[in-house]
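Right, one structure below, let's go through it.
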Amino acid sequence: MNDFSEEPVTVRVEPGGVSAVDSRQWDACAGDSNPFVSHAFLSIMEESGSVGPDTGWQALPMLIDAADGTLAAAAPCYAKTHSQGEYVFDHQWADAWTRAGGQYYPKIQIASPFSPVPGPRLLLRDPALAPALIGGIEMLVENNQLSSAHATFVEESQVPLFEAAGWLIREDSQFHFTNPGYGSFDDFLNELSSSKRKNIRKERAKAVEGLEIRHLTGKDITEEHWDIFWRFYQDTGARKWGSPYLTRAAFSMLSERMGERVLLILAYRGGRAIAGALNLIGGDALFGRYWGCSEDVPFLHFELCYYQAIDVAIALRLDRVEAGAQGGHKLARGYEPQPTWSAHYIADEGFRRAVAGFLRQERAAVAQDRKFLEERTPFRKA
């Protein structure tokens, strides 16, 4: 590995977005385990129009070049004019700062758009560059007189990097399925209490009654399949967010550029698709993202999003399934509470103290809630 830390460091903003960065160099920093920070995914968000003008997401990736001109570090940064599509809610902070006479937006978001998926937010070929990259983000905030910067769904190993820089750390929980090396779904069921095991078997049988379940990936996913799923996605997006975040073009681009990492699970009745779930396959995890349906079938959501995902993770020998944000109903389906983190840079000292006080109280409540949930997992107690 080159020792970039001994070379002069300049942090710069690429106004052309991730699309303007060489894909091989970006991915050399990002690695290949987490698809949501890959050049392909982030450039798809830009080129499909899912982020960009009129969306409230302006891509401003922060970059550090090595002396030889290669990319040494990067961070997927966005100037945000709202707090939609983040899944770490700061609306109360925005309201409080506005009532105090401040301007909360625009702010800087370090994230994978619309993706509540923990992962690296500092993409580093040399870990020694972390302070410089974080410092560059702080300068972007200060030089433009912005209120704040927020790194959301930061992977655990990078939390200390932000903490060492003085950023405020926020904690929350998600529900993940962990695969210790099961050989089959029955192996997983055998670890559950008798009542939970029976309940899941009943749910699965009821959900797929009269249905055919198909798994599609790569070139098997056609534009017709995306047209079907787009209708599901629009319906779910309209009910959850008011309007869907992704454009129709984004799904076609996922097939074109990331097809082998896309898993589309569709349920058919009489040859007609009635429900679907979209997943991305990572290096060690299956990431569940979107679900939708045109027919309300009891337990079918659980089957396509949770049980089928467990089947796939076991078959592919993946370590876990991350099924997205929220959803206490996942607990009874074998998905256990796991901590997630975000890091926050607040430029104003007084506002920073107020947010820090809020986070101390919130952290205690989150820890208490997670402890409560951990005691109620469906697994057999020792």
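What to note about this one:
- Longest segment of the chain lacking GluC sites (Glu not before Pro) that sit in a DSSP loop with at most 15 other Cβ atoms within 10 Å: 1-190
- Computed from backbone phi, the HN-Hα couplings of the range 310-317 come to 4, 3, 5, 4, 5, 5, 8, 6 Hz, rounded to whole numbers (Karplus: 6.51 cos²θ - 1.76 cosθ + 1.60, θ = phi - 60°; Gly and Pro given as x).
- Amide proton proximity set for I274, modelled H, under 5 Å, gap of 5+: A267, Y268, R269
- Share of pairwise Cα separations in the range 1-121, more than 17 Å, in percent: 58
- Backbone amide hydrogens, once placed in the peptide plane, bring H176 within less than 5 Å of E336, Q338, excluding anything fewer than 5 places away on its chain.
- Rg(Cα)/(2.2 N^0.38 Å) for the range 108-148, N = residue count: 1.32
- Nearest 10 degrees, 0 to 90: helix 248-258 Cα axis against the chain principal axis: 90
- Theoretical gain in end-to-end length, R272 to D22 [0.36 nm per residue, Cα-Cα removed]: 85.8 nm
- Counted over the chain with a bin width of 20 Å, the fraction of Cα pairs per bin, in whole percents, is 27, 57, 17, 0.
- In the range 25-91, Rg over Rh equals 1.01, where Rg is the alpha-carbon radius of gyration and Rh the Kirkwood radius from pairwise Cα distances.
- Here the alpha carbons of the range 301-366 define both size measures, Rg and Dmax, at 17.6, 52 Å.
- Each principal axis of the Cα atoms in the range 108-198 has its own extent, and those three values, largest first, are 60, 28, 22 angstrom.
- Whole-Hz ³J(HN,Hα) from phi, Karplus 6.51 cos²θ - 1.76 cosθ + 1.60, for the range 160-165, glycine and proline x: x, 5, 6, 4, 5, 7
- 222 nm mean residue ellipticity, helices alone, for the chain (DSSP H n ≥ 4; -39,500 (n - 2.57); rounded to 500): -10500 deg cm²/dmol
- For the range 265-382, alpha-carbon Rg over 2.2 N^0.38 Å: 1.38
- Distribution of pairwise C-alpha distances over the range 277-338, 10 Å bins, in %: 21, 58, 20, 1
- Net charge dipole size for the chain [Lys, Arg +1 and Asp, Glu -1 on Cβ; Debye, nearest 20]: 1640
- Rg and Dmax, both from the Cα atoms of the range 271-310 and both in Å, are 11.0, 33.
- Relative to the longest principal axis of the Cα atoms of the chain, helix 130-143 runs at roughly 70 degrees.
- Computed log₁₀ I(q)/I(0) - Debye formula, equal Cα scatterers, no solvent, the range 123-255, q 0.09, 0.14, 0.15 Å⁻¹: -0.59, -1.10, -1.13
- Proportion of all alpha-carbon pairs of the range 52-146 beyond 19 Å (%): 48
- Extending 7 Å from the Cα toward the beta-carbon at both R380 and F89 defines two label points whose distance is 3.9 nm.
- Highest-MSF residue in the chain out of K371, K80, K330 [GNM, Cα springs under 10 Å]: K371
- Residue pairs, from the table K80/K330; K198/K330; K202/K371; K202/K330, whose Cα atoms sit over 20 Å apart: K80/K330; K202/K371
Taken together, the values in this text are just the output of simple stated rules run on the coordinates, not laboratory data. From a predicted model like this one, the values you see are computed outputs, not experimental measurements. Backbone-built Cβ (ideal geometry, glycine too); neighbour counts: all protein chains shown.
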